[in-house]
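Please treat every number below as a calculation from the coordinates, not as lab data. All values derive from a computational prediction rather than experimental measurement. Virtual Cβ from ideal backbone geometry, glycine too; neighbours counted across all protein chains shown.
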Amino acid sequence: MCDQRIALNGFYVAKDYPEHLRRIRFKDPDSEKTSVFLTNNMLLPPLTIAALYKSRWQVELFFKWIKQHLRIKKFLGTSENAVKTQIWSAVSTYALIAIVKKELQLDASLYTLLQILSVSVFEKTEISRALRLDSLPPETAIGPNQLSLFDS
């Protein structure tokens, strides 16, 4: 819709970034939504700039999904391989839990199932039994799967 060359005019902003910027106004034909993009790239065509920003938004949504569903609080390494390994491990775990949920026809959320598995990882309980929330007997005293630290 619009491709303009602009300069920032606030005192501190203009002092910190005196270069001209490019302001592109784009109307998405699919959603009829209008977006405005600022860039310092003066060479690429406006539609390419809009496509890049649209792709970037998909990346942002992907990382938002990762934070909400995969419980990755921080990356353990900074190399590309470390980040990819951590993401693929988390996605694989999420997919396996989703498969288990479907196979066992569980009503609990994936988050709840991940919580149960994280606390019962060292118990000798079958996964199918540990994840069946309604069929578990109420917790009693120390059972055969747990050792006692103190003699009572």
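Counting only GluC sites (Glu not before Pro) that sit in a DSSP loop (anything but H, G, I, E, B) with at most 16 other Cβ atoms within 10 Å, what is the longest stretch of the chain containing none of them? Of all site-free stretches, the longest is 33-122.
Lysine pairs in region 1-69 whose alpha-carbon atoms fall under 23 angstrom of each other, counting only those eight or more residues apart or on distinct chains, come to 5. Exposure proxy for K27, K15: other Cβ atoms within 10 Å of each Cβ, ordered fewest to most, give K15, K27. Helical runs (DSSP H, four residues minimum) scored at -39500 (n - 2.57) apiece and divided by the length of the chain put the mean residue ellipticity at 222 nm at -14500 deg cm²/dmol. For the chain, the membrane-span-like helices by this rule, meaning whole DSSP H stretches whose C-alpha atoms cover at least 18 Å of axis and whose Kyte-Doolittle mean is 0.0 or above, are 80-103; this says nothing about an actual membrane. Averaging Cα coordinates gives a centre for region 81-108 and one for region 1-57; these two points are 38 Å apart.
For region 57-77, the residues whose amide N sits under 18 Å from a probe point set 7 Å from the Cα of S35 along the beta carbon direction are 57-65.
Using every pair of separate Cα atoms, the Kirkwood estimate puts the hydrodynamic radius of region 73-135 at 13.1 angstrom. The Kirkwood radius of region 1-69, taken over pairs of alpha-carbon atoms, gives through the Stokes-Einstein law at 37 °C and 0.692 mPa s a diffusion coefficient of 238 µm² s⁻¹. Rounded if a/c is under 1.5, else prolate if a/b beats b/c, else oblate: with a ≥ b ≥ c from the C-alpha gyration tensor eigenvalues square-rooted, which is the chain? The shape class here is prolate.
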